[in-house]
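Step one of this worksheet: look at the structure below.
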Amino acid sequence: MTAHDATSATEQPHALTGLKVLELGQLIAGPFATKLLGEFGADVIKIEPPGTGDPLRRWRIVEEGTSLWWHVQTRNKRSLSLDLRSEEGQEIVRRLAREADIVVENFRPGTLEKWGLGWEALSAANPGLIMVRISGYGQTGPYRDRPGFGVIGEAMGGLRYLSGHPGERSVRVGVSLGDSLSALYGVIGALLALQERHASGQGQYIDVALYESVFAMMESLIPEYDGADVIREPSGSALPGITPSNAYPCRGGEHVLIAGNGDSIYRRLMQAIERPDLADDPELAHNDGRSRHAERIDGAIADWTSRHEREHVLSTLDAVGVPVGFPYTARDIVNDPHYQAREMIQTIITAEGRQLKVPGVIPKLSRTPGRIEGGGPWLGQHTRDVLDELGIDADTQQALFERGVLHDTDTPTSPHAKKGA
């Protein structure tokens, strides 16, 4: 999709048009949740501290002073830069929260209460308010006051222990999975609360803990421990108890991923690798039997794949309906025709005027699809616009700017921008 295509998508109806969202978070979990809401039409106002803004602006690869990640995480949002620690800034947030449908925050529990911006205070002024609260350990419990980042949640949730090879130090997935899972649960909770509000007229808060969001993904971990006294262990590239499903070497140093664990799929796989003996063995007809002979089956598959180039393996197995693939790099993703056909790689124009490829929007709604409106905003780009909408007069605004409570940036995309403001 071209930059023009991405912009023209804003002319289509959106599922969350009319929804007002206030973001009081930073970095990953809270802002990822509001990104999802903004992609489907919600008006997201992001509060950023003056001077520095969200630390994500300087994370990972930085070009022209701005993180490239920023243009994904903060698209479709408006940036209002104010000092949350000041009484005047807190009052502006209260006024915004009175008009908001959803507030999303990911501070350590108790921080917003210290500023008079906690759930009790904001909901008293707006009984229909929905508040998504994402933290490391949740709003209650003995660990609530501990600082918690995604990687710690992944560890406590059980994922990190299983990541890696037996007997080796655990490894992490190369993305902030715990934060993103928590954001997804936060959005699910907000939408559930919105649905319930139609009946009751009342809001509620959603308490999301990073470790719980990861823990929820752990499948049979707990019943296997309780019912069979089994502690699941790391298993490298295999998936114990589900056979065959593993990574296999190819000639030339590459490898493929093969998931042949369905009964009929397994038979087709064994025929394709010229092992009819394994295809017809009644002991291997179903998954429980195959799992008892996983090493034997994996060895046979690896013996076949290692004698062929990766493309031959991919084409041979694809032809007989066996799920097969390989680990995509960023280059593979951008050049893949399926990604392109489903508009999952889009080109935007950033606030700096740069063309940049970014991920498309999911899920795909047939009638009210998501949108992308350029990249992330400049720090404070929409400060004056938002204050105008609140009815705060120009003199009051200017006094707040002069005292450092507010901040905006001189950019060609902001009609209110002034040098030195």
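The values are calculated or read from the model by the stated rules, or taken from the named source; none is laboratory data. Being a predicted model, the structure only gives us computed values, none of them experimental. Cβ sites come from the backbone with ideal geometry, for glycine too, and all protein chains shown count toward neighbours. The accessibility values were calculated without ligands, DNA or RNA, using every heavy atom of the protein model including side chains. Shrake-Rupley method; radii C 1.70, N 1.55, O 1.52, S 1.80 Å.
Structure above, values below:
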{"item": "Spatial separation of Cα centroids for region 339-406 and region 173-208, in angstrom", "result": "22"}
{"item": "Reference-scaled alpha-carbon Rg (2.2 N^0.38 Å with N residues) for region 117-213", "result": "1.31"}
{"item": "For region 241-309: span of alpha carbons on each principal axis (Å, largest first)", "result": "34, 22, 17"}
{"item": "HIS286, HIS198, HIS382, ranked by accessible area, largest first (probe 1.4 Å)", "result": "HIS198, HIS286, HIS382"}
{"item": "Top positive-direction residue, dipole computed over region 199-317 with Cβ charges, set GLY299, ILE258, ALA272", "result": "ALA272"}
{"item": "Taking the chain and dividing mean pair separation by its residue count, relative contact order in percent (alpha carbons under 8 Å, at least six apart)", "result": "20"}
{"item": "Average projection area in nm² (convex hull over Cα atoms of region 164-280, one quarter of hull surface)", "result": "12.6"}
{"item": "For MET131, distant residues with modelled amide H under 5 Å away", "result": "VAL103, GLN204, TYR205, ILE206"}
{"item": "Accessible surface, region 238-287, averaged per residue in Å² (probe 1.4 Å)", "result": "49"}
{"item": "Selection of chymotrypsin sites (Phe, Trp or Tyr not before Pro), region 263-358, meeting DSSP coil and at most 16 other Cβ within 10 Å", "result": "TYR328"}
{"item": "Globularity ratio of the chain, using Cα Rg and 2.2 N^0.38 Å", "result": "1.16"}
{"item": "Of all accessible heavy-atom area on region 1-156, the percent that carbon and sulfur account for (1.4 Å)", "result": "53"}
{"item": "For region 27-175: relative contact order, % (alpha-carbon pairs under 8 angstrom, 6 or more apart)", "result": "17"}
{"item": "Most mobile of ASN126, ASN287, ASN76 in a GNM of the chain (Cα contacts under 10 Å)", "result": "ASN287"}
{"item": "Charged-residue dipole, Cβ positions (Lys, Arg, Asp, Glu), the chain about Cα centre, Debye nearest 20", "result": "480"}
{"item": "Relative contact order (%) - criterion: Cα under 8 Å, at least six apart; region: region 5-81", "result": "31"}
{"item": "Debye equation applied to the C-alpha atoms of region 81-132, log10 I(q)/I(0) at 0.13, 0.14, 0.15, 0.30 Å⁻¹", "result": "-0.26, -0.30, -0.35, -1.37"}
{"item": "Trypsin sites (Lys or Arg not before Pro), loop per DSSP, at most 14 other Cβ atoms within 10 Å - longest free stretch of the chain", "result": "170-306"}
{"item": "Pairs of Lys in the chain closer than 29 Å at Cα, counting only those 8 or more apart or on different chains", "result": "24"}
{"item": "The chain: most fluctuating residue of ALA399, ALA155, ALA330 per GNM, C-alpha cutoff 10 Å", "result": "ALA330"}
{"item": "Interchain or long-range residues, amide H under 5 Å from HIS407's placed H", "result": "SER81"}
{"item": "Inter-centroid distance (Cα atoms) of region 225-281 relative to region 17-55, Å", "result": "42"}
{"item": "The chain: most fluctuating residue of THR329, THR305, THR111 per GNM, C-alpha cutoff 10 Å", "result": "THR329"}
